[in-house]
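Below you'll find the structure I mean.
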Amino acid sequence: MAYTDGTLKARIVMQQCMSARLQVKPPTNEEEAEHVEVKRGVLIYVCFLKQADISIVEKMAKTLLNVRLCPSANGKIVSILDLPGDVLIVPQSTLGGKAKGKMIQYHSNIPKAKGVELFQAFTEQCQKMLNENTKWKQSGCTIKHGTYGIRQEVLRLDAEARGPFSHFFEF
């Protein structure tokens, strides 16, 4: 589904998890690797495309945080806000890839500088919306995110999930 002006601006894969750990900085000779971790909640993989701009950020956050895909203790499917649960946002530029012959091309991805800006705005918008939700805020849940623009082989994600409960969104 394209955004209201007919252009595709972002692709998202959202997956529920029981826990996840993301390596955000590789180890060096002097330092251990750095990780962020979440408990039960959702992973949100984000890719901004060339047509993306700041106008898409609020709609993306609102949709993703309110969509019902998490089973509650009583079996009812609820949003991450109603669960409540943790949120881990991972930049995932490979979602912008398109097969051409035997190769994958990423010509539709946003330039890195603009992607950094939109990823930061998206994570801040999610944080704001989560903090405005009393149930989520009082639960002790957290929001964490990866680092936009680092090479994907640097990232390591370990996740346990009931499902598979992966959902694809286009904005």
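Enter the accessible area of Ile77 (Å², nearest 10), with the probe set to 1.4 Å and all protein chains included.
Estimated to the nearest 10 Å², Ile77 gives 80 Å².
Still on this model: Ignoring ligands and nucleic acids, what accessible area does Glu132 show with a 1.4 Å probe (Å², nearest 10)?
Roughly 120 Å² of Glu132 is accessible to a 1.4 Å probe.
Counting alpha carbon pairs within less than 8 Å and at least 6 residues apart, what relative contact order, in whole percent, applies to the chain?
Dividing the mean separation by the residue count of the chain yields 36 percent.
So what does the Cα-only Debye profile of the chain read at q = 0.08 Å⁻¹, as log10 I(q)/I(0), no solvent term?
The calculated log intensity ratios at q = 0.08 Å⁻¹ are -0.24.
If you don't mind, there's one more thing I want to ask. Rounded to the nearest 0.05, what FRET efficiency do Ala33 and Ser139 give with R0 = 30 Å and r taken as the Cβ-Cβ distance? Could you check?
Calculated value: 0.60.
If the reach is capped at under 28 angstrom between alpha carbons, list the lysines near Lys62, excluding any in the same chain fewer than eight residues apart.
Partners found: Lys9, Lys39, Lys50, Lys76, Lys98, Lys112, Lys114, Lys128, Lys135, Lys137, Lys144.
How would Ile110, Ile54, Ile150 line up by accessible area, probe 1.4 Å, largest first?
The most accessible residue leads, giving Ile54, Ile150, Ile110.
Let me spell out the model: positive unit charges on the Cβ of Lys and Arg, negative unit charges on the Cβ of Asp and Glu, origin at the Cα centre of the chain. What dipole size does that give, in debye rounded to 20?
About 540 debye.
Sorted by accessible area (1.4 Å probe), largest first, how do Tyr106, Tyr148 line up?
Tyr106, Tyr148
How long are the semi-axes of the equivalent ellipsoid of segment 53-134, defined as square roots of 5 times the Cα gyration tensor eigenvalues? Whole Å, largest first.
29, 18, 9
Full extension from Ser166 to Ser72: what is 0.36 nm times the residue separation minus their Cα-Cα distance, to one decimal in nm?
32.2 nm
So in the chain, what percent of DSSP beta bridges are antiparallel if you round to the nearest 5?
Around 75 percent antiparallel, to the nearest 5.
What's the extension gain from Lys100 to Met18 if we count 0.36 nm per residue and subtract their Cα-Cα distance?
Using 0.36 nm per residue and subtracting the Cα-Cα distance, I get 25.9 nm.
Can you list residues whose amide H is under 5 Å from Cys17's amide H, if they're 5+ apart or on another chain and H is modeled 1.01 Å from N?
Gly41, Val42, Leu43
Using a 1.4 Å probe and ignoring any ligands, DNA or RNA, find the accessible area of Phe168 and quote it in Å² to the nearest 10.
120
The values are calculated or read from the model by the stated rules, or taken from the named source; none is laboratory data. If you're wondering where the values come from, they're calculated on a predicted model, not measured in any experiment. Ideal geometry is used to build each Cβ from the backbone, glycine not excepted, and the neighbour counts take in all protein chains shown. Note: accessible area is taken over every heavy atom of the protein model, side chains too, but ligands, DNA and RNA are not part of it. Shrake-Rupley method; radii C 1.70, N 1.55, O 1.52, S 1.80 Å.
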